[in-house]
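Notes follow the structure.
The values are calculated or read from the model by the stated rules, or taken from the named source; none is laboratory data. This one's a predicted model, so the numbers in the text were calculated from it and none came from an experiment. Backbone-built Cβ (ideal geometry, glycine too); neighbour counts: all protein chains shown.
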């Protein structure tokens, strides 16, 4: 009964039911490579009208400004706004989840067993230290002095250094049932934005929420909803990491987005250097052959993809 | 002076003028309200009153446990280290206990005493319970035997 209150049981999504790979440090390092970042940004397909759309989160809007500008000035402003959009589209970091079973034990003094019935949590509030680097330690009633786990860290950080967008208790929308109903209503961007502000990127709960959402998107082909949002990159990376890129590739082929298909397979090659098609190099102008090599060697659903590729090349040859 | 003006000129977060010749101490200043204590860990001239204007606030201590059975302590380690390096600084027992539990100091002897007393109390409590149980069992046995004897004789 005591442990039920300590652990947020309802928050813990059953990660066993979703067969996904956990993020290892090696994969995280691949994500931070500049080439991969560039590919993910290209795949996002930035649409300025979608990036700077009005998001109704309760703020007061100001009326739009109208100006008379020359063509050069308009081009300059458009360039600036594109740069702002690129900054906004930065993919949230993908880092391995913090392992709570390997907390560092700083000292163990069994002589003070029973000094108090409750734990003591000590937080270092020294000025100018970031949340993940802050020293937070816990003295247990049995005399063990250890590092704080993820949940404790989150609570202490939000008690002493609160942010308006991050609540002390995790919102109810991240509980399993509510998350499912949100996914069924296709509110993917809302879930991912909220999770991004609420959790640290190395939180296990955050990883579970992303996994369930991305799985739902993959099963229901909702890729288009995430396009030109900052989460499309993490979606692509997730799919590549779990060898599930076929649905997205199929959609790309149906929509005649050959460039995107090539970029997608390039990311796949980066993430899976041991895959059979990883040796294949992309030569400009031979996109179809490049995609074909992936389909032949690594794809789990070959027939559908080959058909789609054939129909694409037929259409392309006719239009040529 | 009205309360809001007093708070404005003498904030609880510190700012009192440091007098070099005077002794200073790191101690707890009680804030919060009736039946709900909350402490600031402050550096203050030793001869000043408990809630007088401190030189600097070094942290907080919330002695009532929260819903997760935790007592929260915050420490500004950088400033604590600075004040420990100065001369004429006295640290009170309560603060020494906290620093000991935090791993900043060796564990203070009062913590050992507290732990030992709590354990002794718990042991006596358990022994009492055991004795009571034994007594109850004996009584029950006697009760069971008594009617048997009665039936046997009848």
How about region A:117-137: which of its residues are at the interface with chain B (Cβ under 7 Å from one of its Cβ atoms) and either assigned to a strand (DSSP E or B) or under 20 Å from residue B:114 (Cα atoms) (or both)? A:118, A:119, A:120, A:121, A:122, A:123, A:124, A:137
Which of the residues belonging to region B:108-133 are crowded, with 16+ Cβ neighbours inside 10 Å and more than 8 Å from chain A (Cβ to nearest Cβ)? B:108
Quickly run through region B:47-64 and pick out the residues that are modelled with pLDDT of 95 or more, part of a loop (DSSP other than H, G, I, E, B) and within 18 Å of the chain's Cα centre (by Cα). B:63, B:64
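Taking region A:118-130, which residues are surrounded by fewer than 19 Cβ atoms within 10 Å (Cβ to Cβ) and in contact with a strand residue (DSSP E or B) (Cβ under 9 Å, 6 or more places away or on another chain)?
Initial filter on region A:118-130 (surrounded by fewer than 19 Cβ atoms within 10 Å (Cβ to Cβ)): A:118, A:126-130.
Correct list: A:118, A:126.
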In this structure, does residue A:100 turn out to be at the interface with chain B (Cβ under 10 Å from one of its Cβ atoms), in contact (Cβ under 8 Å) with a residue 24 or more places away in the chain and touching a helix residue (DSSP H, G or I) at 6+ places or on another chain (Cβ under 9 Å)? no
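So which of B:17, B:7 is exposed (fewer than 12 other Cβ atoms within 10 Å of the Cβ), in a helix (DSSP H, G or I), at pLDDT below 95 and more than 14 Å from every other protein chain (Cβ to nearest Cβ)? Reasoning before the result, please.
Numbers: B:17 fails: in a helix (DSSP H, G or I).
Result: B:7 is the single residue among B:17, B:7 that is exposed (fewer than 12 other Cβ atoms within 10 Å of the Cβ), in a helix (DSSP H, G or I), at pLDDT below 95 and more than 14 Å from every other protein chain (Cβ to nearest Cβ).
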Among the residues of region A:164-179, write down those that are away from every other protein chain (no Cβ under 12 Å) and without any contact (Cβ under 8 Å) to a residue 12 or more places away in the chain. A:164, A:172, A:177, A:178
Here are A:152, A:111, A:140: which of them is more than 30 Å from residue A:271 (Cα to Cα), without any contact (Cβ under 8 Å) to a residue 40 or more places away in the chain, in contact with a strand residue (DSSP E or B) (Cβ under 8 Å, 6 or more places away or on another chain) and at the interface with chain B (Cβ under 10 Å from one of its Cβ atoms)? A:152
From B:41, B:77, B:91, grab the single residue that is farther than 16 Å from residue A:121 by Cα and surrounded by 12 or more Cβ atoms within 10 Å (Cβ to Cβ). B:91
Within region B:58-83, the residues that are touching a residue at least 24 places away in the same chain (Cβ under 8 Å) and more than 10 Å from chain A (Cβ to nearest Cβ) are B:83
Identify the single condition in (1) assigned to a loop (DSSP other than H, G, I, E, B); (2) at pLDDT 95 or above that residue A:114 does not satisfy, given that it satisfies every other one. (2)
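Name the helices (runs of 4 or more DSSP H) wholly inside region A:25-66 in which the number of residues that are free of Cβ contacts under 8 Å to residues at least 24 places away in the same chain and within 21 Å of the chain's Cα centre (by Cα) is 2 or more.
By residue number, A:25-31, A:34-44.
Is there a residue being closer than 29 Å to residue B:98 by Cβ and either part of a helix (DSSP H, G or I) or under 33 Å from the mean Cα position of the chain (by Cα) (or both) anywhere in region A:81-97?
Of all residues in region A:81-97, those closer than 29 Å to residue B:98 by Cβ come to none.
No, region A:81-97 contains no residue that is closer than 29 Å to residue B:98 by Cβ and either part of a helix (DSSP H, G or I) or under 33 Å from the mean Cα position of the chain (by Cα) (or both).
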If residue A:135 passes every condition in (1) surrounded by fewer than 12 Cβ atoms within 10 Å (Cβ to Cβ); (2) without any contact (Cβ under 8 Å) to a residue 40 or more places away in the chain but one, which one does it miss? (1)
Any residue that is out of contact with any strand residue (DSSP E or B) (no Cβ under 9 Å at 6 or more places or on another chain), closer than 28 Å to residue A:136 by Cβ and modelled with pLDDT under 95 - is there at least one of those in region B:86-100? no
Out of B:83, B:116, which single residue is in a helix (DSSP H, G or I), in the same structural domain as residue B:17 (by TED's automatic domain parsing) and modelled with pLDDT of 95 or more? B:83
Residues of region B:87-107 being without any contact (Cβ under 8 Å) to a residue 24 or more places away in the chain and either part of a strand (DSSP E or B) or more than 10 Å from chain A (Cβ to nearest Cβ) (or both), in sequence order, are B:87, B:93, B:96, B:105
